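Q: Quick one: the structure is below, and I'll ask about it shortly.
Read the figures in this text as sums done on the coordinates, not as results from a lab. This one's a predicted model, so the numbers in the text were calculated from it and none came from an experiment. Heads up, the Cβs are rebuilt from the backbone with ideal geometry, glycines too, and the neighbour counts pull from every protein chain shown.
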Amino acid sequence: MAVTRMHNTLSKSHVMADRMATVNRLEEVVSTSDEFDQVVSQALPVLLDRATGYTKRFLRETGQWSDDIEHEKFALRWGSEYLERFLVCGRSEVPCRPLFLFDSLVAKQHSKPEPFCYHPDLLRPLGRYLDGLVARAVVSRDALIALYHHSYGWGAGDVIAVTGLNGLESQRIYKNFRRWRESGWQRTMDEVGLTKAELAELGQQQQRHRQRFNSEAERLIRVAQSHYRKSEPDHYPCLSRSQWGDMFTQGYGCDYRIWHLALCLDCMQTAWGLGSSGSLTGEKPRLELQMRP
Amino acid sequence: MGHEEELDAYRSQLLESLNSRPAIRSWSDPIQVYINERRVGELEGAGIGATLQVQCVDHIETVQLRAEDGTLLGGLTAPECGYRTDRVQISADTVELSVHNMAQGGTLSALFTPAPSFWSRAWKSIADVTDRVVARRPEPALAYGMRMVAFTQALLAIAVVGLVTDRITTGRTSDRTPSPVVQTATLSPAPVADMAKFEQQLDELARMQAKVDDALGSQQKGVVQLQQALVKLSSTQESFESNVLTVREEIEKRLEMVGRETDRQTRQMASRGRVEQEQLEAAIQNLTADNHRLSKEVVSLEEYNQGLKTKLQTAVASASKGVDPSPERLLKMADSLQATQQQMPFLFWVTFSDGTSQESIDKWVYEKQGHKGAVSEGWQEVRIVPPAVPPDRFLEQIRGEKIVKAARISQ
């Protein structure tokens, strides 16, 4: 027993010493991009913990923190997000001291208004699922196109009809769907930390109370969409039906349609039926959440 | 699973994904371009030399390149002011990023260069060899043309050398195998003539090459001068445009200010004029009413004054004449007194029936040729020219009128 305890103590002190050495190395100047990659790739756990700690502190200071696993996961997720950006963009800053550069990057993120989409309801499994989908749609076109499927249950053909796309764009939609099914969805679930058990539980809830589940999903997805729509280009505001009509009939704004209609439930209802030359004359679409890709 | 274990598992998963970061990108997929985490467009992944130019109102802080599946392929952090360029390697392809931040906003230029194909690599190797042959490093703009010329020259030289060798070999073979006389006589001088011819051609070729080199050199200089001129021109144009913009903004500002000031003054003057007009109208109305009232009072006062004067004259005459006035004189005095009394206004008080309008009252007073006086406890004072009939009878007449409720002389 005593031997085991001593072994644990020794192991802990060894880990601490390693950590200190890594931090010291991160504080030194790196001169080339390759050197940067090498130093940083060896210090990923240290940097992840550091970014997570900063995010926790930000949440505490802004009165948004609670001591529960949901908040811990949220802080970890955003710490990882900052670290990913640092790994890619930090290379262009050499020569630099990686640790200080990383600290400044996180501080810059936290000095922005609403650096991330925080809402207590978005930390629960359903909220996390929706937040993950919409957040991913902002950086991934596969996820963006898949959002039509997850929100309304449409396939690639429906998406092409609703958004009024031409032949060239249509091929791309099929590829987006395929990639999302193959790897994109699972990767997103991993990133938001949704376990299989949580996904199964969500599926059961949906089966038991479909209407209530969908209306709750609609409420939460609106919160997420209104935050993440800020990542759209500046010139993509909501439009009236006649303005959407002009865009569809004259065939411009292909990107506008794909991006905005996926991220705005209201505009989808407004522009319903314009892209299909009258073939979609049914009831306006309501949110019917699809859990699986 | 406990919370700690679940968190550890999640943390490990995130670290693993950060370590691997697989980029699933087929050769034809576009690359999404983000500025300050906001999507601004895409680079055609299949195009040779696809470019994207973006001008932002705000400073560019970060540029990110992402695959269709969202993988972060590369990016850079831009300085607050000035230039930053970076070359992002995506598999074998390259994206050259160039950011320029100015006082007002920034610009991004992204150039996609796909990995070279087999044939382009082969072509490049040949071009490198020929470059080494000509031992020159031309400007990029001229590189292609120079390489073509050099390559053609090299091929020509090889062909000429081959032909010469062939001829020499043929000549030697002919020497070793003696032929009929005619043949030796005709064949032996041929290689010598050919050799001279080829030498001449080689000389010409060398001269041509020298000329081409000279021409290329002068062209190169010309291009450099042209580029310098273009740079100057573009900087002049930029400064001119910025000056024009500044002047235009200044003019617009001034026009706007002048317009606003004029509008404000006009509005102020108009409102002041309206107020003054209204005040003037009210004053005129008041003055008219006062004037009317005063003229009436003046008339009545003059009448009263006249009566008093007459009375005074009579009294003075009586006093000066002393006693014993004649009966004729007394009669005259009585007449004059009566006349004076008649000239004095007759005053009485009247009340009107319930519901009589003010208009009817005014009309009634007007018919009596009277003037309204004070109102006291419902009684209206009325002054008229003394009636021809005695006061009691007059009052009786008045009381008989429809709108009159009661009438009396004393207050």
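Q: So which lysines can residue B:311 reach, going by Cα to Cα under 25 Å and dropping same-chain residues fewer than 8 places off?
A: B:296, B:321, B:332
Q: Cβ under 11 Å from residue B:350's Cβ, residue B:350 left aside: what net charge do those residues give with Lys, Arg +1 and Asp, Glu -1? Let's see the in-between values first.
A: Numbers: positive: B:368, B:372, B:399, B:405, B:408; negative: B:381, B:401.
Computed value for this residue: +3.
Q: Compute the Cα gyration tensor for chain A, then decide on rounded, prolate or oblate, letting a ≥ b ≥ c be the square roots of its eigenvalues: rounded whenever a/c is under 1.5, prolate when a/b is larger than b/c in the other cases, and oblate in all that remain. Don't jump to the answer; show the numbers that get you there.
A: On the way: a/c = 2.45, a/b = 1.78, b/c = 1.37.
It comes out prolate by the Cα gyration axes.
Q: When we measure straight from the Cα of residue B:221, which aspartates and glutamates land under 18 angstrom away, once same-chain ones fewer than 8 places off are left out?
A: The reachable aspartates and glutamates, counting only those whose Cα sits under 18 Å from residue B:221, are B:139, B:213.
Q: Pairs A:56/A:112; A:196/A:284; A:56/A:108; B:232/B:253: which are spaced more than 21 Å apart, C-alpha to C-alpha?
A: Values: A:56/A:112 16 Å; A:196/A:284 33 Å; A:56/A:108 15 Å; B:232/B:253 31 Å.
Violating the 21 Å limit, Cα to Cα: A:196/A:284; B:232/B:253.
Q: Lysines near residue B:197 by alpha-carbon distance under 26 Å, same-chain residues fewer than 8 away left out - which ones?
A: In chain and number order, the partners are B:211.
Q: Count charges around residue B:269 for me, please; just the other residues with Cβ under 12 Å from its Cβ, Lys/Arg as +1, Asp/Glu as -1. Could the numbers behind the result be given before it?
A: On the way: positive: B:264, B:267, B:272, B:274; negative: B:263, B:276.
Net local charge, residue B:269 excluded: +2.
Q: Here's a follow-up. Along the charge dipole of region A:166-220, pointing to its positive end and built from +1/-1 on Cβ of Lys, Arg, Asp and Glu, which listed residue (A:174, A:211, A:194) has its Cα farthest out?
A: Result: A:174.
Q: Once both labels are modelled 7 Å past Cα along the beta-carbon direction, what's the residue A:28-residue B:109 spacing in nm?
A: Here the answer is 3.9 nm between the modelled labels.
Q: Less than 12 Å Cβ to Cβ from residue A:251, Lys/Arg counted +1 and Asp/Glu -1: what total charge do the surrounding residues give?
A: Local charge sum for residue A:251: -1.
Q: Quick one: compute a quarter of the convex hull surface over the Cα atoms of region A:49-101 and quote it in nm². Intermediate results must be reported in sequence, preceding the final value.
A: Values: hull surface 15.3 nm².
Averaged projected area of region A:49-101's Cα convex hull equals 3.8 nm².
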